[in-house]
Structures are given as structure tokens and as C-alpha cells.
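Have a look at the structure below, then the notes.
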Amino acid sequence: MFPGIAQIREAPPSAFSIRIERPILHIIGVSHFAHLVKIEQTEHTDRQKELLSYLVSIVSQVKPALVGEEASAEGLADHKLFSITQTSIKHLKSDIEYRFCDPTETQRKSIGYVSGFALFQHFVMSGDNNVSTSENHLKAYAIDTGTYFPARERFWLKQLAGCNDKSAIFICGYGHLAHNSFSKLLNQAGIDFKIEREDVGLSEEERKDVQRTLGYLKEHPELEHWTSPFSRLRITTTFDALKCATRVRKRAPRPERTP
């Protein structure tokens, strides 16, 4: 696709210079409490208002043809939520295409994704009793970030097909940008992008949680490429984790009684 000529600068009669704008993927990092709203809510929270205000500004500025988001219609319905992004985009400009980009439960299984919460439940139910709950939590979410974030991010990229031919916006959780894995993927794919904001609606506690997880991951780099000893049991959801833990406990040898 031949990019449009954005501006012809003033030049002497013998020559002129041209600035050509290439389509860019504009990325916005958010708190999930900012872009996802409970159906029963009667008014927006402050962090949701912050995102709404920012969306009005950024859409006016970059004039996107496409807006994608880390969300799925199935996930929203299951948790009785709706997307501020989806509803506001329809009101801001009716000709903007909106895309859900996160995998459904079936798609998560097909790409081998395991959630941090499912891993946490697995570790708690079948792990070493000498490991604290907080340690299990850190380990689970470090594995989610290091090993499984890239699988979801590759899925997002497929859903964003065509974004290198048009101006687009993509909204995702702060953790994906703090970890930098999505940026690396976009660079590898040759997609021009700009992180406009990485922390819209983010609380300091959420920021600290992500930084603690990244710190743990840095201390345990092997978790960037973690292989579960129970992978054959297909832990992909919390329900799978609980089933797996039950099966593992049944298989474990009973300790000998001391006299």
C-alpha cells in the first residue's frame, strides 16, 4: 500500500520536500479495572472516567480506522462485564472498526495458554507445603508473564491483521507493556508502533504488583520458558488446575508413619 502524502512543506522552486506518514499502531496500556465495567454499575469510577477522557483525545488525534482490545465477547459475557472502549468508540465515530482480540476459552486451550490464577490454584493444591501462599502467587504470575503472555500476544497480532496498512489503536493491560514482550513481538513482525500511554487508570498497588512479579521473574529467569511437569494434564483453566491437583495428590505416595 502506498502511504498518503501528509504534508508538502514550503520549498524553493527548484525542489520540494515531502513528509510521508506511515500507518502506526498506537498502543494504550490500562488497568483492567479501567476498561472493563460491571453490567450492574450505575456510574463510572474515576479510573474509568480517566480512560474515557483519554479515548476522546487519542481518537481525535490519530483518527484510527481500527481499534482492537485485550478482551473477548465470551469473557465479558461470562463475567457480566462490558467494554468501555467498545461502547465509547461507537459513540465517538461510527465508521471505526472495533475488534475483540483476546482468545476465548476454547482458543486459549488451542494455543496452550494457562492463566496465572489457574497456575496459582494448581500450586496451592498440589505444591510444597513449605512454600508460602505469597510465594506460590508470585511464581504463578511470573510463569504467566514469562511463558504464557507471548502466546496470547501472538494471538492478538493475528486478530490485528491489516493494522500495518491503517492507523490503529490497541488497548491492553499494563503488565504486557511493563514486561516488554508485546513490543518485542511487534518489532519482530516489522510493525510500526508507538506506546501512547502505558498506565491509564492504574493504581499504585497494581503497579507494585506487576513490578513484584517482574522482579521475581528476573530472579528466576527459568520461568520465562517454564514447562509444567503436569503439562500432559492440560492445565488451562482454574477448573483444570483443581482437577489436576486432585489427580496428582492421588498419585503421590503416602509418607511412612513414624513410630
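A short reminder: the numbers here are calculations on the coordinates, not readings from a lab. In this text the structure is predicted, and so the values were computed from the model without any measurement. Backbone-built Cβ (ideal geometry, glycine too); neighbour counts: all protein chains shown.
When the Cα gyration tensor is reduced to axis lengths a ≥ b ≥ c, the ratio a/c is 1.5 or higher for region 146-203, and with a/b not above b/c it is classed as oblate.
Full extension of the chain between Phe33 and Ile191 yields a length gain of 54.1 nm, computed as 0.36 nm times the residue separation minus the alpha carbon distance.
Available extension along the chain between Gln41 and Lys166 is 41.5 nm, counting 0.36 nm per residue and deducting the alpha carbon span. Taking a point 7 Å out from the Cα of Arg207 in the direction of its Cβ, none of the residues of region 132-162 has a backbone N less than 15 Å from it. For the peptides 144-157, 43-56, 67-80, the ranking by mean Cβ contacts within 10 Å, running from highest to lowest, is 144-157, 67-80, 43-56. For the residue pairs Lys90/Lys194; Lys49/Lys90; Lys49/Lys184, the alpha carbons lie more than 21 Å apart in Lys90/Lys194; Lys49/Lys184.
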